[in-house]
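Step one of this worksheet: look at the structure below.
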Amino acid sequence: MVKIRRAEVADAPVLAAAEAKIAETPGYMVSSPNEITSDAFAAKIAELSQHPRGIYIIALLDDKIVGHAMLAPMSLSALSHVVRLNIFVYPGFQRQGIGQTIMDYLLTWAKQTPGVEKVELLVRATNKPAIALYKKIGFFEEGKFKKRLKLPDGSYIDDLAMALFVN
Ligand SMILES: CC(C)(COP(=O)(O)OP(=O)(O)OC[C@H]1O[C@@H](n2cnc3c(N)ncnc32)[C@H](O)[C@@H]1OP(=O)(O)O)[C@@H](O)C(=O)NCCC(=O)NCCS
């Protein structure tokens, strides 16, 4: 049974290592493995733990971290009703309902959190599992950033902008 809890600064090295592993396969993430640092994760977890409209969570299976996700608020006042989603279920644990459990938790939190109205995300247009998950939940496409990622082999990938209104 998957458990969800708030991420703690001490979790940062595990989260960074997992994202670096996922980033080894070009076409999923914007960051390259060498651009992912434990310090940046620690800073983001600390920042969101203090923010009333932000949340950083981890998913645990038998006390092992198998996924993480965040809703990160925007800093400008005109954008303060918007949060940005990131979600990762680690290789070996995908397709077992963990992504759905994480999204249910985050969206319940978003609906109950004063001031949060819109969840936005960017997803690689080639990332069929993630797009299927978002569409199943009700996210809609807002537009496309053409050739937004340039891969090491010189090819390009578009990004889709997707969103969901929660309040
Ligand atoms: C996208 C991701 C979060 C999905 O998590 P998951 O735990 O594997 O997803 P779940 O098992 O909860 O599946 C929920 C739904 O997502 C969709 N889905 C998930 N994996 C899929 C796949 N390989 N193919 C098609 N649909 C898929 C389905 O709609 C599924 O519902 P269903 O089981 O009723 O068909 C996971 O694949 C992942 O972390 N990928 C790498 C990182 C990433 O791409 N993050 C998103 C960046 S924008």
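What pairs from LYS64/LYS111; LYS21/LYS135; LYS64/LYS136; LYS44/LYS150; LYS21/LYS118; LYS118/LYS144 go past 23 Å between their alpha carbons? Cα-Cα > 23 Å for LYS64/LYS111; LYS21/LYS135; LYS64/LYS136; LYS44/LYS150; LYS21/LYS118; rest within.
The phi torsions of the range 33-42, fed into the Karplus equation with coefficients 6.51, -1.76 and 1.60 and a -60° offset, translate into couplings of x, 6, 9, 9, 10, 4, 4, 5, 5, 4 Hz, rounded to whole numbers, with Gly and Pro shown as x.
For the residues THR101, THR126, THR113, a 1.4 Å probe over the protein chains yields an accessible-area ranking, largest first, of THR126, THR101, THR113.
Label-to-label distance for ASP63 and HIS51 is 3.2 nm, based on points extended 7 Å past Cα in the beta-carbon direction. Take every pair of alpha-carbon atoms less than 8 Å apart whose residues are at least six positions apart; their mean separation over the length of the range 8-99 yields a relative contact order of 21 percent. Remark: the chain carries 55 Å² of accessible area per residue (probe radius 1.4 Å; ligands, DNA and RNA excluded). Counting only residues at least eight positions apart within a chain, or on another chain, the aspartates and glutamates with an alpha carbon under 14 Å from that of LYS147 are ASP158, ASP159.
Listed values for the range 53-69 are Karplus-derived 3J(HN,Hα) couplings in whole Hz (6.51 cos²θ - 1.76 cosθ + 1.60, θ = phi - 60°), namely 10, x, 8, 10, 10, 10, 10, 10, 10, 6, 6, 9, 6, 10, x, 8, 6, and x replaces Gly and Pro. Of the accessible area of the range 2-165, computed with a 1.4 Å probe over protein heavy atoms only, carbon and sulfur atoms account for 53 percent. Backbone N atoms of the range 110-126 closer than 18 Å to the 7 Å Cα→Cβ label point of ARG148 belong to residues 118-126.
Residues whose amide H lies under 5 Å from that of ARG148, counting only those 5 or more places away or on a different chain, are ILE157, ASP158, ASP159; hydrogens are built 1.01 Å from N in the peptide plane.
Taken over the alpha carbons of the range 2-165 as equal point scatterers, the Debye sum produces base-10 log I(q)/I(0) values at 0.15, 0.17 Å⁻¹ of -0.85, -1.13.
Taking all protein chains as shown and a probe of 1.4 angstrom, LEU107 keeps an accessible surface of around 20 Å². For ALA59, nonlocal amide neighbours, meaning residues 5 or more places apart or on other chains whose placed amide H falls under 5 Å from its own, are VAL66, GLY67, HIS68.
The values are calculated or read from the model by the stated rules, or taken from the named source; none is laboratory data. Since the structure is predicted, the reported quantities are computational estimates derived from the model, not experimental observations. Quick reminder, even Gly has a Cβ in these numbers, built from the backbone with ideal geometry, and neighbours come from all protein chains shown. Accessible surface areas use protein heavy atoms only, side chains included; no ligands, DNA or RNA. Shrake-Rupley method; radii C 1.70, N 1.55, O 1.52, S 1.80 Å.
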